[in-house]
Every structure is written in structure tokens, then in C-alpha cells.
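J.: Have a look at the structure that comes next, please.
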Amino acid sequence: MKKHIPNIITCCNLLSGCIAIYWAFSGIAKFALLWIIIGAVFDFFDGMTARLLGVSSPIGKELDSLADVVTFGVAPATIVFSELCAIVRHPASLPPLGEAVLHYLPFVAFLIAAFSALRLAKFNIDTRQATSFIGMPTPANALFWGSFIVGQNAWIENNRYAPIVIILLIVATCWLLVCELPMFSLKFKHLRLKDNHIKLYFTIFSALMLIIFGWINAWWLIIGAYVIVSAGIQVIGRLVD
């Protein structure tokens, strides 16, 4: 029975993603974000449970990627799609892009799902990512988009250039998913401070951000800081070398 426990947890991640997609299509992005966060919790514990029980398997790895595509690829893409659809209903507030462009504009959001799938496929065959990441992890990207759309909803719906900003962010985050930028992992393999000080400091920073800005607004700021810190570590490392 214990060999099935990690896969059950992974399936809970998948179910969370399906529920998030339902709320996203319903136009209630706040609930969609909540279920993405719940899915992220399941995603954090399925691998840990497999290692603790010593029951890691190839099928578990494939199932984990499939679940992540739904929860951290399709779900955030649907949140952005629904938001762009809502904005397009008010063309007077948009730049003069043309009716045909505005009609198809929301579908650009599904690039997030496509690049998330590509990122996960690369991760599965990349032996360099055993202890860290190369490119932005899909859960981080999903939390960024859910938090940004929900937390900045008033600004998005009252700024005529918000669709352009969202499209540019889609392009940027899709690139970050598949780029060669090394990013540190927040998973602790052991408790030695020497090897975990960046993770520990960033975890404390994230907790403070959640306390100050709340569980909705904080995530896009945390993920933005995560990308900046990861890039900064690489720049400093090259300067030192």
C-alpha cells in the first residue's frame, strides 16, 4: 500500500489543478489561485514522501509531470485567459489594436501552458537539475500569475495598457521557463546552515512578505524577487570567478 501513497498525493495535486481551472473559467481567479496553492503543497510533499518511504518509481515521475502541467500550466493560463477576456469586453479602455486582434488576444495566455509543458519535459531529461533548477519552476510561474491577476485586478481593469503589460509578461515568463538561468531550489536536503543559508534567508523573506502583503498579493512579489536573486547569484559568481 505504501508504494501508492506518493502517487495518491500527486493525484491530489492533479485534482487541485482541475478545480483551479473550473474556478478560472468561472471568472473567480481568487479561488483558482487558492487551489493552485493547495496543489503546490501536494506537489511539495509527493516527492518528499516517495523519498522517505523509499518507493520512487518511473511512473511516479511521469505522473508528477502530468499533474504539474495541469495545475501549474493550464490553470494559470486559464486565469490569464479569463482576465484578458474580461478586459476585451470593454474595448473603449484598450489601445486601438483592432477588433480582430482583440478577439484573439486572450488566447495568447495559453502559451503559458505550452511553455510549462516544455519546461517540465526538459526537466525530466536534464540531469543537471537534481539539486537546483535551470529556468523558472512551473509552480513559481503559476503562483506569480495567479497572484498578479488577483492582487492587481483593480489596476489591470482600469489601465488601458494593462493588456500590453500582460502580453509582455507572458513572453518574459515563458522565456524564463525554458531559459538556461540557474535558480536555487527551496527544498532542504539536510539541515546544515552552511549549504542552506540562501534558502533559509529567502524562506524568512517570503514569510515576511506573506505577513505584510497577504497570501494573495505577496506571491507575485516573492517570485519576482526569486528570479532577481537567482540572477544576482549568477552575476556575482561570474564576477568572483
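The values are calculated or read from the model by the stated rules, or taken from the named source; none is laboratory data. In this text, all values refer to a predicted model and were calculated from it rather than measured experimentally. Cβ sites come from the backbone with ideal geometry, for glycine too, and all protein chains shown count toward neighbours. These accessible areas exclude ligands, DNA and RNA; they are computed on the full protein's heavy atoms, side chains included. Shrake-Rupley method; radii C 1.70, N 1.55, O 1.52, S 1.80 Å.
J.: For helix 29-53, report the angle its Cα long axis makes with the longest principal axis of the Cα atoms of the chain; keep it between 0 and 90° and round to the nearest 10°.
T.: The answer is roughly 10 degrees.
J.: Residues of the range 43-84 with the amide nitrogen closer than 20 Å to a label point 7 Å from the Cα of VAL171, along Cα-to-Cβ, please.
T.: Label zone hits: 77, 80-81, 84.
J.: What accessible area per residue, rounded to a whole number of Å², is obtained for the chain using a probe radius of 1.4 Å?
T.: Here the per-residue accessible area is 53 Å².
J.: Continuing with the same structure: Could you tell me which of rounded, prolate or oblate describes the chain, using a ≥ b ≥ c as the square roots of the eigenvalues of the alpha-carbon gyration tensor, with rounded for a/c under 1.5 and, failing that, prolate when a/b is larger than b/c and oblate otherwise? Could the numbers behind the result be given before it?
T.: Details: a/c = 1.86, a/b = 1.43, b/c = 1.30.
It comes out prolate by the Cα gyration axes.
J.: Relative contact order for the chain using alpha-carbon pairs under 8 Å, separation at least 6, rounded to a whole percent?
T.: Once divided by the residue count of the chain, the mean separation gives 20 percent.
J.: Specify the residue with the greatest mean-square fluctuation among TRP145, TRP35, TRP215, computed from a Gaussian network of the chain linking alpha-carbon atoms under 10 Å apart.
T.: Checking each option, the largest mean-square fluctuation is seen for TRP215.
J.: So, one more: On C-alpha positions alone, give me the angle between the axis of helix 162-178 and the longest principal axis of the chain, in degrees, nearest 10.
T.: Compared with the principal axis, the helix lies near 20 degrees.
J.: Among PRO58, PRO139, PRO182, which one shows the biggest mean-square fluctuation in a GNM of the chain, springs joining Cα atoms closer than 10 Å?
T.: Evaluated over the chain, the most mobile residue of the options is PRO58.
J.: Compute the angle between helix 5-25 and the longest alpha-carbon principal axis of the chain, please, reported from 0 to 90 degrees and rounded to the nearest 10.
T.: Taking Cα atoms only, the helix is inclined about 10 degrees.
J.: If R0 is 35 Å, what FRET efficiency do you get for LYS122 and ILE211 from their C-beta distance, rounded to 0.05?
T.: Details: r = 35 Å, r/R0 = 0.99.
With a Förster radius of 35 Å, E is 0.50.
J.: Continuing with this model, one more query. Comparing LEU84, LEU105, LEU168, which has the greatest mean-square fluctuation in the GNM of the chain with Cα pairs linked when under 10 Å apart?
T.: Highest fluctuation among the options: LEU168.
J.: Given the rule -39500 (n - 2.57) for each run of at least 4 DSSP H residues, summed and divided by the residues of the chain, what is its mean residue ellipticity at 222 nm, to the nearest 500 deg cm²/dmol? Please report the intermediate quantities before stating the final value.
T.: Numbers: 10 runs with 178 residues, N = 241.
Rounded to the nearest 500, the figure is -25000 deg cm²/dmol.
J.: Send over the semi-axes of the range 37-89's equivalent ellipsoid, whole angstrom and largest first, taken as the square roots of 5 times the C-alpha gyration tensor eigenvalues.
T.: Ellipsoid semi-axes (Å, largest first): 32, 11, 4.
J.: Continuing with the same structure: Compute the FRET efficiency between LYS2 and TYR104 as 1/(1 + (r/R0)^6), taking r as their Cβ-Cβ distance and R0 = 45 Å, and round to the nearest 0.05.
T.: Approximately 0.35, to the nearest 0.05.
J.: How much length would be gained if the chain were fully extended between ASN153 and PHE31, taking 0.36 nm per residue of separation minus their Cα-Cα distance, in nm to one decimal?
T.: Details: separation 122, 0.36 × 122 = 43.92 nm, distance 1.39 nm.
Length gained, ASN153 through PHE31: 42.5 nm.
J.: When the Kirkwood hydrodynamic radius is evaluated over all pairs of different C-alpha atoms of the range 120-241, what value in angstrom, to one decimal, is obtained? Can you show the working numbers first?
T.: Details: mean 1/r = 0.0631 Å⁻¹.
About 15.8 Å for the range 120-241.
J.: Further question: In whole percent, and with a 1.4 Å probe on the protein chains, what portion of the accessible area of the range 135-241 is carbon and sulfur?
T.: Carbon with sulfur: 72 percent of the solvent-accessible area.
J.: Also, quick follow-up: What ranking of HIS4, HIS103 comes out by heavy-atom accessible area, probe 1.4 Å, highest first?
T.: The ranking, largest first, comes out as HIS103, HIS4.
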